[in-house]
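Below is one structure, written out as structure tokens, with a few remarks after it.
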Amino acid sequence: MAEWNWAGNRGYAAERVVTPRTVAEVQELVAAASRIKPLGTRHCFNDIADFPGGVQIDLAGLDTPIEIDSAASTVTVGAAARFGDFALSLHAAGFALPNLASLPHCTVAGSVVTATHGSGRRQQSLASAVSAVELVTADGQLRGYSRDRDPEVFPGVVVNLGALGVLTRLTLDLVPAFDVRQDVFDGLPWEAAFQHFDEIQDAGYSVSLFTNWANDAIDQVWLKNRVEPGRPFHAPGDFHGAVPADGPRHPAHAAGMPVQNCTQQLGVPGPWYDRLPHFRLAFTPSAGNELQSEYFVPREHAVPAFEALRGLGEKLAPVLLTSEIRTVAGDDLWLSPFHGGDRVAMHFTWRPRQREVEALLPVIEERLAPFGVRAHWGKLFHGASLAGYPKLPEFRALAERLDPEGAFRSPFVRRHLFGEADA
């Protein structure tokens, strides 16, 4: 078939893509399919959304209204809604999501089921905001699960890699709307990052460091801070040796990307939805033509993990557009990389050189293995350690109960969740 993922590095092997218009059609399609997989904005870099010889189901055609419950401080949206599409409505109603990913272009369901995240030492992943879901399971039934009503299985339902069914609607917790300012600094010495990493991460609501791992200094530090009425914030003139940027910056400056694609910087306050992401909804996210990987280690292992990657700097830099360091707070979601404690994320935005990237991944994973590394489910990795997920047996049991015939058990799921070799 002619369908490709967002990066163009993978053509899907499913026989067809179906686009139902109603939830009833979703139920009929799922009940009739022996191999089926949900498909979002295709912003994944491996085969997680594919099912060779099967059906991919795209929910973008469902007309699902946004429902804001002011009393409960929640919003219910369709699975195919993009965060950037309803954020303005939330803000107009006086609400916000507590966190957003670096780009607002992805669907809610796709981001949630892979535990995609934003940044912030005290901010959890996007999946942690989910308080209820509607899920069409393999028998075609529409089932509802909530954090309050189903506490024993809900942490397994949310981050599910598409292995349990097709999400149709999700309810997300909200907070009061807030404004954010974004300040960028150039040239943070590595020694300062090693000595003061916790202090650096505590300096903002969300903090990102951009590097190629080879330079003597970290290229950029992005500080995103809440603007609190009556509490003026003064950006430091010197940030642990880094200096304020003299103009707007793009993280992938090596690709010559225009800074207009990025959200506003230089300390200009703006609404949460237009500052927490790095990239604007109306423009190309990130560098566009790229590959991505991301690895997570417990926060206490941050500095030795950085030192390990610094040792690979000369190998990494020629293939990198940029690499981002950020922290994410822990959660209780069974398949979340942040299950059990806070993690440091090391994201790699690669040049579109698949063979060279794939050769580097096992080297990176070997260097990070002593620190309990986990990989982002939707990005390129060599092998994820199943031993790192203590609730994996419970998830397998849940998958077998909801999908006994394996209609959603794609090669990716069999490989990475059930430890089976590809047929």
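Matching residues to (1) part of a helix (DSSP H, G or I); (2) modelled with pLDDT of 95 or more; (3) surrounded by 15 or more Cβ atoms within 10 Å (Cβ to Cβ):
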site	(1), (2), (3)
387	yes, no, no
397	yes, yes, no
400	yes, yes, no
415	yes, no, yes
418	no, no, yes
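Here is a check on your reading of the model: is residue 177 small (Gly, Ala, Ser) and either under 20 Å from the mean Cα position of the chain (by Cα) or within 30 Å of residue 64 (Cβ to Cβ) (or both)?
Taking the combined requirement at face value, the residue satisfies it.
Return the total of residues in segment 92-140 being assigned to a strand (DSSP E or B) and farther than 22 Å from residue 346 by Cβ.
Residues that pass the stated criteria total 10.
Kindly provide the set of residues from segment 141-188 that are β-branched (Val, Ile, Thr), part of a strand (DSSP E or B) and under 27 Å from residue 405 (Cα atoms), ordered by number.
166, 168
Against the condition more than 27 Å from residue 47 (Cβ to Cβ), of a type outside the set (Ser, Thr, Tyr) and free of Cβ contacts under 8 Å to residues at least 60 places away in the same chain, how does residue 250 come out, does it pass?
yes
Being in contact with a Leu (Cβ under 6 Å, 6 or more places away or on another chain) and not aliphatic (A, V, I, L, M) is the filter; apply it to segment 84-100 and report the residue that is modelled with the lowest pLDDT.
For segment 84-100, the residue satisfying everything is 84.
Do you know which residues across segment 21-40 are in a loop (DSSP other than H, G, I, E, B) and surrounded by fewer than 20 Cβ atoms within 10 Å (Cβ to Cβ)?
Residues satisfying the conditions are 21, 22, 33, 34, 35.
The values are calculated or read from the model by the stated rules, or taken from the named source; none is laboratory data. Note that the structure is a prediction, hence the values are computed from the model and not measured. Note that each Cβ is placed from the backbone with ideal geometry, even for glycine, and that neighbours are counted across all protein chains shown.
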